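Asker: Structure provided below as structure tokens; questions to follow.
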Amino acid sequence: MGKNLKVGIAGLGTVGAATARILIEKSGHLLARSGCNFELTSVCARDRSKDRGIDLSEFNWHDDPVALAASPDIDIFVELIGGEDGPALDAINAALDNGKHVVTANKALVATHGEMLAKKAESKNLAIGYESAVAGGIPVINAIRDSLAGNKVSRIFGILNGTCNYILTRMEKDRLSFADALTEAQSLGYAEADPTFDVAGNDTAHKLAILTSLAFGTKINLDAVYIEGIENITPEDIASAARLGYAIKLLGVALETDSGIEQRVHPTLVLRSALIAQVSGVTNAVAIDGDEVGEVLLVGAGAGGDATASAVIGDLIGIGFGQVRPVFGRPGSSMNPHVQARLRAHEGGYFIRLNVHDHPGAFAAIAARMAEQDISLEHIVQHHEDHDADSGRQSVTIITHETMEEHVRVALSAIREDGHIDNEPQMIRIER
Ligand code: HSE
């Protein structure tokens, strides 16, 4: 008989129910792997009668997650409620105040209150496990915090939102509309309660802000993340990019520049031959560039109940082994300040798609405006299949060589003023 650790779960959605199932069905396996008997004692959810595929009737049910978190019936509090403030934060504070370890999948909460909670947990020698908060089942937190700790990281980037990757994949492969693909992702249980958080890039930003702190040893700074979502990506953008050898992914990217740390979330062109371009559907991928190890790419299920619960269980096992480490890889009191890189100073290649009035000189004038800003073009193409005979418009796609974002913005605004296009140009950054 191993050490007994009593577990309470607040929030019984897809991840909570899967965590409860694993604790119940695989208790022997978990005991063999950890030497601990993880005993689920208590749960908390709004709806007691919902069918969750497992019988939870024998456990102590709480209406209030704070009461569960403070209860003497538990040693570890598992927070799967969600939301950056409110009951989730109150309950985690109550758990720490009452000497309980915490495991959470709540990226918004960790990104917003992580430093404060880390300091509190560390002062009481308690653990906060949040492996499940970033990239679902992929063990990326442990990889950066422990296994890659000997590296100086220069860049970390990845596909961090399963819903967006699912939508973009369905739009590319099956020509689904954005709306239909989103409905599918929701029905499969990938999307947040409010899917705007997924498609507008906020969910990716939460995860990126956490990874940035771990990778660069800095305080989490969610406000410094530049965010663009995928709502304005059209099937035409995806097809134009594909013709030029690129796929479109929603990436979170963090890197160290001369002026500070750049954190950005936006639709991004990646070469179709690159490994990350092959990552499709709900799958997530995180690439880490370390000075010793080179590039590491971690790929796996980024959303879904069972995959995310796998990471929750991994954190429980770590606590079972007595692993209480600094939450963000260094003590909360010695996290470095976050120095934000200069705005719009991003240097890279750009994909630009313009709806051009099809008349003589338009093409040349566009190229001239680009040249004025010292922007060197890798491709400028117009595809006859994109010609709209009724409106006389022609889709023109441009790929630039490395240039400054500000220069692209100035050139596009001049092209607009010249009257060659009549709607907003599409501009998508390229990550190489
Ligand atoms: N809504 C998230 C996603 C779930 O689609 O990736 C995991 O955080």
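Asker: May I ask you to evaluate 6.51 cos²θ - 1.76 cosθ + 1.60, the Karplus curve with θ = phi - 60°, for each residue of the range 400-410 and list the ³J(HN,Hα) values in order in whole Hz, giving x for glycine and proline?
Answerer: In residue order, the calculated couplings are 9, 6, 4, 7, 8, 4, 4, 5, 5, 5, 5 Hz.
Asker: Still on this model: Can you find, among 326, 337, 359, the residue sitting farthest towards the positive end of the charge dipole of the range 321-432, where Lys and Arg contribute +1 and Asp and Glu -1 at Cβ?
Answerer: Of 326, 337, 359, it is 326.
Asker: About the Cα centre, and with charges only on the beta carbon of Lys, Arg (+1) and Asp, Glu (-1), how big is the dipole of the range 191-319? Nearest 20 debye, please. Write down the numbers at each step before the final one.
Answerer: Numbers: 6 positive and 18 negative charges, 56 e Å.
For the range 191-319, the charge dipole is close to 260 debye.
Asker: What is the local net charge at residue 109, summed over the other residues whose Cβ is closer than 9 Å to its Cβ (Lys, Arg +1; Asp, Glu -1)?
Answerer: -2
Asker: At a Förster distance of 30 Å, what's the computed FRET efficiency of residue 324 paired with residue 196, Cβ-Cβ distance as r, to 0.05?
Answerer: Numbers: r = 36 Å, r/R0 = 1.21.
With a Förster radius of 30 Å, E is 0.25.
Asker: While we're here: Kindly express, to the nearest 10 degrees and within the range 0 to 90, the angle between helix 162-174's C-alpha long axis and the longest C-alpha principal axis of the chain.
Answerer: Helix 162-174 sits at roughly 40 degrees to that axis.
Asker: Find which of 96, 348, 428 sits farthest along the positive direction of the dipole of the chain, computed with +1 on the beta-carbon of Lys and Arg, -1 on that of Asp and Glu, about the Cα centre.
Answerer: The residue sitting farthest along the positive end of the dipole is 96.
Asker: Going 7 Å from the Cα of residue 405 along its beta-carbon direction, which residues of the range 128-154 have the amide nitrogen within less than 20 Å of the resulting point?
Answerer: 154
Asker: Quote the FRET efficiency, to the nearest 0.05, computed for residue 242 versus residue 180 with a Förster distance R0 of 22 Å and r equal to the Cβ-Cβ distance.
Answerer: Working: r = 20 Å, r/R0 = 0.89.
Efficiency computed from Cβ-Cβ geometry: 0.65.
Asker: Here is a follow-up. Set the Förster radius R0 to 41 Å, insert the Cβ-Cβ distance between residue 376 and residue 333 as r into 1/(1 + (r/R0)^6), and round the FRET efficiency to 0.05. It would help to have the intermediate numbers written out before the result.
Answerer: Details: r = 48 Å, r/R0 = 1.16.
For R0 = 41 Å, the calculated efficiency reads 0.30.
Asker: Also: When the chain is fully extended, how far beyond the present Cα-Cα distance does residue 417 get from residue 125, taking 0.36 nm per residue of separation?
Answerer: Values: separation 292, 0.36 × 292 = 105.12 nm, distance 6.12 nm.
Difference between extended and current length: 99.0 nm.
Asker: What ranking of 54, 76 emerges when the number of other C-beta atoms within 10 Å of each C-beta is taken as an exposure proxy, fewest first? Provide the component values of the computation, followed by the final result.
Answerer: Details: 54 15, 76 22.
Fewest to most other Cβ atoms nearby, the residues stand as 54, 76.
Asker: Hey, can you grab everything whose amide H is under 5 Å from the amide H of residue 36? Only 5+ residues off in sequence or another chain; H modelled, so Pro and N-termini drop out.
Answerer: Result for residue 36 returns nothing.
Asker: Turning to a different aspect of this structure: May I ask for the distance between the Cα centers of the range 20-68 and the range 195-216, given as a whole number of Å?
Answerer: Using only Cα atoms, the two centres lie 29 Å from each other.
Asker: Using the Kirkwood radius built from alpha carbon pairs, what does the Stokes-Einstein equation give as D for the range 1-63 at 25 °C and 0.890 mPa s, in µm² per second? If you can, show how the numbers build up before the last one.
Answerer: Values: Rh = 12.1 Å.
The calculation lands on 203 µm²/s.
Asker: Any chance you could count the Lys pairs in the chain whose alpha carbons are under 13 Å apart, treating pairs 8 or more apart or on different chains as valid? Before the final figure, lay out the partial values.
Answerer: Values: 6/100; 100/120; 100/124; 107/207; 119/219.
Value for the chain: 5.
Asker: Something else: Can you list residues whose amide H is under 5 Å from residue 356's amide H, if they're 5+ apart or on another chain and H is modeled 1.01 Å from N?
Answerer: 394, 395, 396
Asker: Further question: Would you mind computing the Rg to Rh ratio of the range 261-332 from its alpha-carbon coordinates, Kirkwood style for Rh?
Answerer: Numbers: Rg = 15.9 Å, Rh = 15.4 Å.
That ratio equals 1.04.
Asker: Kindly put 79, 372, 431 in sequence by how many other C-beta atoms sit within 10 Å of each C-beta, fewest to most. Show your work: numbers first, answer last.
Answerer: Working: 79 30, 372 12, 431 19.
So the ranking, lowest neighbour count to highest, is 372, 431, 79.
Asker: Same structure, new question: So, in nm, how far is label residue 298 from label residue 26 when the simple model puts each one 7 Å beyond its Cα toward the Cβ?
Answerer: Inter-label distance under the simple model: 1.7 nm.
Asker: Now for a different question. State the extension gain, in nm to one decimal, for the chain segment bounded by residue 187 and residue 424, taking 0.36 nm per residue of separation less the distance between their alpha-carbons. Walk me through the numbers on the way to the answer.
Answerer: Values: separation 237, 0.36 × 237 = 85.32 nm, distance 3.25 nm.
Here the answer is 82.1 nm.
Asker: With Kirkwood's inverse mean 1/r over C-alpha pairs for Rh, give me the Rg to Rh ratio of the chain, two decimals please.
Answerer: Value, to two decimals: 1.04.
Asker: Can you put 395, 333 in order, fewest other beta carbons within 10 Å first? Intermediate values should be presented prior to the final figure.
Answerer: On the way: 395 20, 333 11.
Result, fewest neighbours first: 333, 395.
Asker: On C-alpha positions alone, give me the angle between the axis of helix 86-97 and the longest principal axis of the chain, in degrees, nearest 10.
Answerer: 50
Asker: Between the range 301-332 and the range 125-167, how many Å separate their Cα centres?
Answerer: Their Cα centres are 10 Å away from one another.
Asker: Can you run phi through the Karplus equation (6.51, -1.76, 1.60; θ = phi - 60°) for the range 144-155 and list ³J(HN,Hα) in whole Hz, with x for Gly and Pro?
Answerer: So the J values, rounded to whole Hz, are 6, 5, 10, 5, 9, 4, x, 9, 8, 8, 9, 7.
Asker: Placing +1 at every Lys and Arg Cβ and -1 at every Asp and Glu Cβ, with all other atoms neutral, what dipole size does the chain have around its Cα centre, in debye to the nearest 20? Numbers along the way, then the final one.
Answerer: Details: 37 positive and 58 negative charges, 278 e Å.
Using only the charged Cβ atoms, the result is roughly 1340 debye.
Asker: Could you work out the relative contact order of the range 274-402, using alpha carbon pairs under 8 angstrom and six or more residues apart, expressed as a whole percent? Show your work: numbers first, answer last.
Answerer: On the way: 117 pairs, mean separation 24.7, N = 129.
For the range 274-402, the relative contact order is 19 percent.
Coordinate-derived values only; no laboratory data. Bear in mind the structure is a predicted one, so any value in this text is a computation, not a measurement. Note that we place each Cβ from the backbone using ideal geometry, even for glycine, and neighbour counts take in every protein chain shown.
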